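This report refers to the structure that appears directly beneath it.
The values are calculated or read from the model by the stated rules, or taken from the named source; none is laboratory data. In this text, all values refer to a predicted model and were calculated from it rather than measured experimentally. FYI the Cβ positions are ideal-geometry reconstructions off the backbone, even for glycines, and counts take in every protein chain you see. Ligands, DNA and RNA are stripped out before the accessible areas are found, and what is left, the full protein with its side chains, is counted by its heavy atoms. Shrake-Rupley method; radii C 1.70, N 1.55, O 1.52, S 1.80 Å.
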Amino acid sequence: MRIIKVVLGALLAVGGIYCMLTPIATYSVLAWLIGLAMIVEGVGGIITWSSRRELGLANGWTLAGSIVSIVLGVVLLGSYVLQFALDAFIAYLIAIWLVVAGITRIVAAIAVRSQGKEGTSGWIAQIVLGVLIAILGVLCIFNPLSVVAGVGMMLGISIVFVGIDLVVSAFVD
C-alpha cells in the first residue's frame with residue numbers, strides 16, 4: 001500500500017506542476033470536470049436509490065434529480081459552447097465576488113470607525129484591504145484571463161500539496 005501511495009502522490013505532484021505550468025489549459029477543463037462530477041453523482045444516486053428508499057431517505061424526486069444530473073452532465077460534456085459559457089461565467093463570478101467582498105469590507109470598516117470604540121484602529125487596514133480587493137475585482141472584470149490563470153495556478157498548487165500529503169502519509173501510517 002505504501003508504494004501505491006508514493007506512486008500516486010508523485011503522479012499527483014507532477015500533474016499539479018503541469019497544471020501550474022499551463023494554468024489556462026487547466027482552467028479550460030473545469031467545465032468538463034463539473035460535467036463529469038454531475039454524471040458520477042447522478043449514477044451514484046441511481047445505484048444507491050433503492051437501498052436509500054428502503055430506509056426512507058429517498059423518493060421519486062431523488063431518483064428524478066439523479067437522472068437530471070446525468071442528463072445535464074452529458075449535455076455539458078457534449079457542448080463546447082456550454083463549456084465555454086460556464087468557464088466564462090465562473091471567471092466573471094469570481095471577479096464580481098471580489099468587488100462585492102471588497103465593498104463589504106469597506107462598509108464594515110466604516111461601521112467600526114463610526115462606533116468609535118477604543119482599540120479599533122484596525123479599521124484603516126480593513127479599508128485599505130477592501131479597496132485593494134475591490135480594485136482587483138474590477139481589474140478581473142476587464143481582464144477575465146487573469147482569473148483563469150489564477151484559478152488554474154491555484155488548482156495546480158492544490159494538486160501538488162495533495163500529492164505531497166499522499167507521499168508523506170505513506171511513511172506516517
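Using the 1.4 Å probe convention, the accessible area of region 34-173 works out to 64 Å² per residue with neighbouring protein chains retained. For region 5-52, the fraction of C-alpha pairs farther apart than 11 angstrom is 73 percent.
With the Kirkwood sum run over all distinct C-alpha pairs, region 35-125 has a hydrodynamic radius of 17.1 Å. Normalised size of region 84-173, defined as Cα radius of gyration per 2.2 N^0.38 Å with N residues, equals 1.53. Think of each Lys and Arg Cβ as +1 and each Asp and Glu Cβ as -1; about the Cα centre, that makes the dipole of the chain roughly 220 debye.
Going toward the positive end of the dipole of the chain, with +1 on Lys and Arg Cβ and -1 on Asp and Glu Cβ, which of V40, I157, S114 do you reach last? So the residue furthest toward the plus end is S114. At an R0 of 30 angstrom, the distance between the Cβ atoms of V168 and L33 translates into a FRET efficiency of 0.70.
Computed on the Cα atoms alone, the convex hull of region 64-104 gives a volume of 64 cubic angstrom per residue.
With contributions of -39500 (n - 2.57) from each DSSP H run of at least four residues, the per-residue ellipticity at 222 nm computed over the chain stands at -31500 deg cm²/dmol. Summing +1 for each Lys or Arg and -1 for each Asp or Glu among the other residues whose beta-carbon sits under 15 angstrom from that of G35 gives -2. Relative contact order, whole percent, for the chain stands at 43, derived from Cα pairs under 8 Å and 6 or more residues apart.
From the mean inverse distance of alpha carbon pairs (Kirkwood) and the Cα radius of gyration, derive Rg over Rh for region 1-159.
Result for region 1-159 is an Rg/Rh of 1.14.
Surface composition of the chain: carbon and sulfur atoms hold 79% of the protein heavy-atom accessible area at a 1.4 Å probe.
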